[in-house]
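Only the coordinates and a few stated rules stand behind these numbers; no lab work does. Since we're looking at a predicted model, the values are computed, not measured. Virtual Cβ from ideal backbone geometry, glycine too; neighbours counted across all protein chains shown.
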Amino acid sequence: MSQDKKQVLVVGGGPAGMLAAAVAGSRGLDVSLIEKNEKLGKKLYITGKGRCNVTNAAEDIEDLIANVPTNGKFLYSAFYSFSNQDLIKLLNSLGLKTKVERGNRVFPVSDKSSDVIKTLESYLRKNKVRIERAEAKDILVKDGRVKGLELKDGRLLNCSSLILATGGLSYPSTGSTGDGFKMAERLGHTISPLRPSLVPIETMEDWPRDAQGLSLKNVAVRVSDKRGRKVYEDFGEMIFTHFGVSGPLILSASSYMGKADPKGYRLSIDLKPALSEEKLDLRLLRDFEKHSRKNFSNSLDDLLPKKLIPIIISLSNIEADKPVNQLTREDRHRLVKLIKGLDLTIKGYRPISEAIVTSGGVSVKEIDPATMESKLVAGLYFAGEIIDVDAYTGGFNMQIAFSTGYLAGSNC
């Protein structure tokens, strides 16, 4: 490290760490990015099913804040300092073309997360950031100020500022193993309880196992609490699994359910949201007339996915071998109600290791929102998922990473 420049260490090579390091480097500082994985942005590779939903094209900052249920107001300075539009402009200026899809989700035109990583890597090179493949062990502090970093290989690195951007606990195979929480806690920081957010849901019923792998693209999902009050409702895609349900709709639902115990919450799936009950009944009448010589079990092929038919038949309590022309109005009514409201009882969340985002982290009360600097240790900054903020799906969590990374890199 050069001795005539301010020396900065950034721990963690995800989106927050990469942008923080590049921005610090653009200020002429001597910056080293410490990453324990063989590649930078390992978690970025798998985001958005490998397409990387980099941000959300929401029209104003209030829209961004509204999509951050945990400590959203803490992010005002970060979002105003480096907004979603600022991010899009930066990526475009670096050669990465972007596009906006449903829900204002922003993706690279190439649909390749690897292109996002390459763009950020080129930004690091442009700003002369060194990449150090090593694992951090502990932050060195003297007289209340950061002095350096101890690596697990025994080396000591000196610095005047350190940005901790080590991520959360989700997808530990990508390097998010909670190291940063431990380091921050040892320095006196409070770690808010860690739990999964944007996570698949386990159900009490086991019939989803019979539909395992079935993806439904145009359904409506509603989640109600134990008192029957709606907590979430949306339209989109979901998938059945061996433990229950997953997919974009379900991941979003999990974050809307908040910090309360989800056991006993009810999830209702409308398999035909485009049809009212009356129109669905007319559709059934047409289908049953078309298949009038068949049994009930062979009459739903035009209406439902094959994997779902035996499940619907079983739940309807209508005999599978009952001739279609003998189905009563009450049978049809029961079938309509089932198709418009396929109910499941929520048992709980999948483990935090399967969550897209970690909820909880370093308490925002101990971080200066205008700079991302620790209020307890001078020269220590935080960025990204390590902070106790998390958002709904749609690119908002990525924007948090980039905005907090930018602010930390601008002030370190």
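Here are the numbers for this structure:
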item	result
The chain: angle of helix 396-411 to the longest principal axis, Cα-based, in degrees nearest 10	10 degrees
Environment charge of Leu304, counting only residues whose C-beta is closer than 14 Å and scoring Lys/Arg +1, Asp/Glu -1	+1
Whole-Å semi-axes of the chain's equivalent ellipsoid (Cα gyration tensor)	49, 20, 17
FRET efficiency estimate (nearest 0.05) - Cβ-Cβ, Leu94 to Ala370, R0 25 angstrom	0.40
Most fluctuating residue given options Thr55, Thr371, Thr119, as computed from a GNM of the chain linking Cα atoms under 10 Å	Thr119
Estimated FRET transfer efficiency when R0 is 56 angstrom, pair Arg145-Trp207 (beta carbons, to 0.05)	0.45
Cut-off 13 Å between beta-carbons: net charge of the residues surrounding Arg266, Lys and Arg +1, Asp and Glu -1	+3
Choice from Val219, Val129, Val106 with maximal GNM fluctuation in the chain (Cα, 10 Å cutoff)	Val219
Within straight-line cross-link reach of Lys118, aspartates and glutamates at Cα separation under 18 Å, skipping those fewer than 8 residues along the same chain	Glu35, Glu38, Glu132
Stretch gain in nm, segment Arg293-Leu315, where the contour uses 0.36 nm per residue and the Cα spacing is subtracted	5.6 nm
Folded to 0 to 90 degrees: helix 15-26 orientation relative to the chain principal axis, Cα	30 degrees
Cβ-defined net charge surrounding Val68, 12 Å radius [Lys, Arg +1; Asp, Glu -1]	-3
Residue among Gln399, Gln212, Gln326 with the largest mean-square fluctuation in a Gaussian network model of the chain, springs linking Cα atoms under 10 Å	Gln326
Cross-link table Lys43/Lys97; Lys112/Lys272; Lys128/Lys375; Lys226/Lys322; Lys49/Lys279; Lys49/Lys307, entries beyond 27 Å C-alpha to C-alpha	Lys112/Lys272; Lys128/Lys375; Lys226/Lys322; Lys49/Lys279
Reachable aspartates and glutamates, given that their alpha-carbon falls under 16 Å from the alpha-carbon of Lys290 and they are not under 8 places away in the same chain	Asp281, Asp301, Asp302
Sites Ala260 and Arg133, calculated FRET efficiency, Cβ-Cβ separation with R0 56 Å, nearest 0.05	0.85
Helix 329-340 vs. the chain, principal-axis angle (Cα, 0 to 90°, nearest 10)	10 degrees
Point-charge dipole on Cβ atoms (K/R +1, D/E -1) for the chain, about Cα centre, debye to 20	440 debye
Listed residues Leu275, Ser81, Val336: farthest to the positive end of the dipole of the chain (Cβ charges)	Ser81
Whole-angstrom gap from region 1-57 to region 113-127, using each part's C-alpha centre	9 Å
Helix-only [θ]222 nm of the chain, DSSP H runs n ≥ 4, -39500 (n - 2.57) each, per residue, nearest 500	-8500 deg cm²/dmol
Region 263-412: mean projected area of Cα convex hull, nm²	12.9 nm²
Antiparallel %, DSSP beta bridges [both residues in the chain], to 5	75 percent
Region 277-342: equivalent-ellipsoid semi-axes (sqrt of 5 x gyration tensor eigenvalues, Cα, Å)	15, 14, 12
